[in-house]
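Novice: One structure coming up, written as structure tokens, with questions to follow.
The values are calculated or read from the model by the stated rules, or taken from the named source; none is laboratory data. Source: prediction; values computed, not measured. Glycine also receives a Cβ, built like all others from the backbone with ideal geometry; neighbour counts cover every protein chain displayed. To get the accessible areas, we keep the full protein, side chains included, count just its heavy atoms, and leave off ligands, DNA and RNA. Shrake-Rupley method; radii C 1.70, N 1.55, O 1.52, S 1.80 Å.
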Amino acid sequence: MRRDLQSPLSIAEADAALAALARFDHVVLAVSGGPDSMALMALAAEWRMRVEEPNPKVSVATVDHGLRAESRREAEMVGVEARRLGLPHVILSWDGEKPSSGLSAAAREARYRLLEAHAKTVFTGNVAIVTAHHRDDQAETFAMRLARGAGLDGLASMRSERPLREGASIMLTRPLLAFPKARLLATLAQRGIGYADDPTNCDQRYERTRVRSALEQMDEAGLSSEAIATSARRLGEAREALAYAEAQFVAALDLSYGNDVFAKFDRRAFEAGPAFLRQKVLAKLIARYGGASPSPQLFEVEDMVARMQRDTASAATLGGAMVSSGARFVRVWREVGRLGQSEISLSPGEATVWDQRFVVRFSPAQAHSADVVTVKPLGEKGYAAIAARLVPARKPPTRAAQALPSFWWGDNFLAAPSLAPFALFDAAP
């Protein structure tokens with residue numbers, strides 16, 4: 001490794017990297033105790049002291065996954081260092097049973113879920129969660145996705161900033177992506193700050209560990225992590241250009257979402273676009289209307305788009321969504337037969353997410369504490385009870401309506417709120 005890559009980050013470099021955090025009211029540093037995140041915490045604490053006003057407020061959160069005996073001690077070590085730097089610290093525990101397979105993915109999902117819940121509970125305003133992902137992480141992620149045959153979205157670099165999840169108000173920021181791990185280690189060494197060594201980072205049973213070892217050998221052969229990260233960044237720029245093209249393509253489709261009952265768009269305009277954009281748009285619609293069903297593989301979307309191009313009319317289910325193509329329009333809706341166990345009970349004032357598509361809430365004007373309603377798919381029985389109350393010229397596809405959430409009290413139908421825009425003026429369901 002070249003000597004200049006082992007130099008600590010300068011004040012100018014740190015200020016430039018962290019400057020984007022100044023627009024937030026509060027930033028939560030996700031610090032595990034490893035060298036990367038400990039360097040982030042030290043740099044952020046120093047940066048906060050250099051800005052004219054201590055804005056944003058900075059705090060630290062450590063997620064204890066409870067997967068190793070040392071994890072609690074390491075989390076407490078982070079707290080000691082955070083307090084020395086003048087930063088408040090909290091430990092968030094991942095409790096409950098852990099999965100026997102897919103542990104890394106489950107731990108990552110739990111980590112971000114706990115961080116988001118902490119941020120929402122404690123802070124208001126414009127909030128960011130900040131992680132210490134660096135340039136070597138970029139290269140490792142690129143290599144792992146390349147091994148899976150990922151397309152442009154997968155191979156493009158991690159964004160320096162994005163919503164924590166789709167639709168979330170809290171942002172995820174990664175200010176250290178431009179720097180290699182060696183410089184973060186040098187930054188800690190310069191300050192005499194210790195860190196925890198996670199033994200799983202050397203465990204060859206983990207994919208990232210194997211990829212890291214392979215990249216070290218590739219670096220010796222002349223293919224550096226810097227070059228890989230540069231390619232990932234350029235692919236990210238290409239992704240941004242395609243996102244712009246996709247927005248223009250969608251605007252030409254005359255796409256409507258039908259109160260999330262069904263999507264509809266112009267088939268001729270769809271077929272006039274390039275195959276890549278057709279696949280992107282259709283995949284997003286399937287994800288939107290497919291609810292809790294697993295997302296389809298890319299090759300499945302490719303096959304469906306090819307069939308739509310070939311056949312004058314077609315109808316097929318993919319990812320829990322029905323895609324129906326006619327001569328003029330394509331429609332997409334939730335396939336009621338794929339809903340599975342989607343019947344839930346709600347007490348007064350209670351709200352929950354139904355089929356990962358709708359937030360349902362029971363808010364009766366008058367109710368006793370014992371009153372409970374059932375939310376389930378409208379189905380054939382419910383649709384038959386209200387079909388005559390829908391505007392004939394505006395009725396959504398029958399099967400699309402049957403897959404909507406409806407409220408019942410025992411065997412008595414109460415409401416299907418999503419169909420209200422399609423109802424006769426004096427008979428809104």
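Novice: Can you confirm whether segment 238-251 contains a residue that is over 30 Å from Arg68 (Cα atoms) and in contact with an Asp or Glu (Cβ under 6 Å, 6 or more places away or on another chain)? Can you show your working first?
Specialist: Step one: of segment 238-251, the residues over 30 Å from Arg68 (Cα atoms) are 238-251.
Pick out the ones that are also in contact with an Asp or Glu (Cβ under 6 Å, 6 or more places away or on another chain) and you get none.
The answer is no, given that none of the residues of segment 238-251 is over 30 Å from Arg68 (Cα atoms) and in contact with an Asp or Glu (Cβ under 6 Å, 6 or more places away or on another chain).
Novice: Hey, another quick one. Can you find even one residue in segment 211-225 that is outside any helix (DSSP H, G or I) and of a type outside the set (A, V, I, L, M, F, W, C)?
Specialist: To start, the set of residues in segment 211-225 that are outside any helix (DSSP H, G or I) comprises 221-224.
In the following step, the residues that additionally are of a type outside the set (A, V, I, L, M, F, W, C) were identified as 222, 224.
Yes: segment 211-225 contains one or more residues that are outside any helix (DSSP H, G or I) and of a type outside the set (A, V, I, L, M, F, W, C).
Novice: Then there's this: Report, by residue number, each residue of segment 225-247 that is of a type in the set (Asp, Glu) and within 24 Å of Lys284 (Cβ to Cβ).
Specialist: The answer is Glu237, Glu240, Glu246.
Novice: A further question on this structure: If you go through segment 110-120 one residue at a time, do you hit one that is open to solvent by 50 Å² or more (accessible area, probe 1.4 Å) and either under 19 Å from Arg174 (Cβ atoms) or over 27 Å from the mean Cα position of the chain (by Cα) (or both)?
Specialist: Yes, because at least one residue in segment 110-120 is open to solvent by 50 Å² or more (accessible area, probe 1.4 Å) and either under 19 Å from Arg174 (Cβ atoms) or over 27 Å from the mean Cα position of the chain (by Cα) (or both).
Novice: So for segment 182-192 (the condition being open to solvent by 70 Å² or more (accessible area, probe 1.4 Å), in contact with a Pro (Cβ under 7 Å, 6 or more places away or on another chain) and at pLDDT 85 or above), does at least one residue qualify?
Specialist: Checked segment 182-192: at least one residue is open to solvent by 70 Å² or more (accessible area, probe 1.4 Å), in contact with a Pro (Cβ under 7 Å, 6 or more places away or on another chain) and at pLDDT 85 or above.
Novice: Looking for whichever is open to solvent by 50 Å² or more (accessible area, probe 1.4 Å), without any contact (Cβ under 8 Å) to a residue 24 or more places away in the chain and in contact with a helix residue (DSSP H, G or I) (Cβ under 9 Å, 6 or more places away or on another chain) here; the options are Arg162, Arg148, Arg68, Arg83. Which one fits? So that I can check it myself, show each step before the final result.
Specialist: Values: Arg162 fails: in contact with a helix residue (DSSP H, G or I) (Cβ under 9 Å, 6 or more places away or on another chain); Arg68 fails: without any contact (Cβ under 8 Å) to a residue 24 or more places away in the chain; Arg83 fails: in contact with a helix residue (DSSP H, G or I) (Cβ under 9 Å, 6 or more places away or on another chain).
Sole residue among the options that is open to solvent by 50 Å² or more (accessible area, probe 1.4 Å), without any contact (Cβ under 8 Å) to a residue 24 or more places away in the chain and in contact with a helix residue (DSSP H, G or I) (Cβ under 9 Å, 6 or more places away or on another chain): Arg148.
Novice: Enumerate the pairs (first residue in segment 237-248 and closer than 20 Å to Met158 by Cα; second residue anywhere and outside any helix (DSSP H, G or I) and at pLDDT below 95) with beta-carbon separation below 8 Å, excluding pairs fewer than 6 apart on the same chain, so at least 6 apart or on different chains.
Specialist: Pairs found: Ala238/Ala156; Arg239/Ala156.
Novice: Test of understanding: among Glu81, Glu97, Glu70, Glu53, which residue is out of contact with any strand residue (DSSP E or B) (no Cβ under 6 Å at 6 or more places or on another chain) and modelled with pLDDT of 95 or more?
Specialist: Answer to the check: Glu81.
Novice: Within segment 398-416, take every residue that is open to solvent by 40 Å² or more (accessible area, probe 1.4 Å) and more than 31 Å from the chain's Cα centre (by Cα) and give me the one that is farthest from Ile344 (Cα to Cα).
Specialist: Step by step, filter segment 398-416, then rank; the result is Thr398.
Novice: Hey, could you check segment 200-219 for residues that are hydroxyl-bearing (Ser, Thr, Tyr) and either closer than 29 Å to His118 by Cα or under 26 Å from the mean Cα position of the chain (by Cα) (or both) and say which is least open to solvent (accessible area, probe 1.4 Å)?
Specialist: Within segment 200-219, the match that is least open to solvent (accessible area, probe 1.4 Å) is Thr209.
Novice: Looking only at segment 166-181, filter to residues that are charged (D, E, K, R) and over 19 Å from Asp25 (Cα atoms); which one of those is most open to solvent (accessible area, probe 1.4 Å)?
Specialist: Selected residue: Glu166.
Novice: May I pose another question? Of the conditions (1) without any contact (Cβ under 8 Å) to a residue 60 or more places away in the chain; (2) in contact with a Leu (Cβ under 6 Å, 6 or more places away or on another chain); (3) farther than 30 Å from Leu242 by Cα, Arg205 clears all except one; give me its number.
Specialist: (2)
Novice: Quick test for you: out of Ser37, Ser71, Ser59, pick the one residue that is out of contact with any His (no Cβ under 9 Å at 6 or more places or on another chain) and hydroxyl-bearing (Ser, Thr, Tyr). Walk me through it before giving the result.
Specialist: On the way: Ser71 fails: out of contact with any His (no Cβ under 9 Å at 6 or more places or on another chain); Ser59 fails: out of contact with any His (no Cβ under 9 Å at 6 or more places or on another chain).
One residue alone meets the criteria, Ser37.
Novice: Report yes if Asp197 is charged (D, E, K, R) and more than 27 Å from the chain's Cα centre (by Cα), otherwise no. Spell out the reasoning first.
Specialist: Numbers: charged (D, E, K, R): yes; more than 27 Å from the chain's Cα centre (by Cα): yes.
Yes; evaluated as a whole, the condition is true for this residue.
Novice: Within the set of pairs 6 or more residues apart or between chains, which connect a residue that is over 15 Å from Arg399 (Cβ atoms) inside segment 310-323 to a residue that is open to solvent by 20 Å² or more (accessible area, probe 1.4 Å) and in a strand (DSSP E or B) with Cβ atoms less than 9 Å apart?
Specialist: Ala313/Ser324; Ser314/Ser324
Novice: Select from segment 195-210 the residues that are among the charged types (D, E, K, R) and assigned to a loop (DSSP other than H, G, I, E, B) and write down the one among them that is farthest from Arg357 (Cα to Cα).
Specialist: My answer is Asp197.
Novice: Mind checking which residues of segment 386-397 are open to solvent by 60 Å² or more (accessible area, probe 1.4 Å) and in a helix (DSSP H, G or I)? Break it down stepwise before answering.
Specialist: Of all residues in segment 386-397, those open to solvent by 60 Å² or more (accessible area, probe 1.4 Å) come to 388-389, 392-395.
Correct list: Ala388, Arg389, Pro392, Ala393, Arg394.
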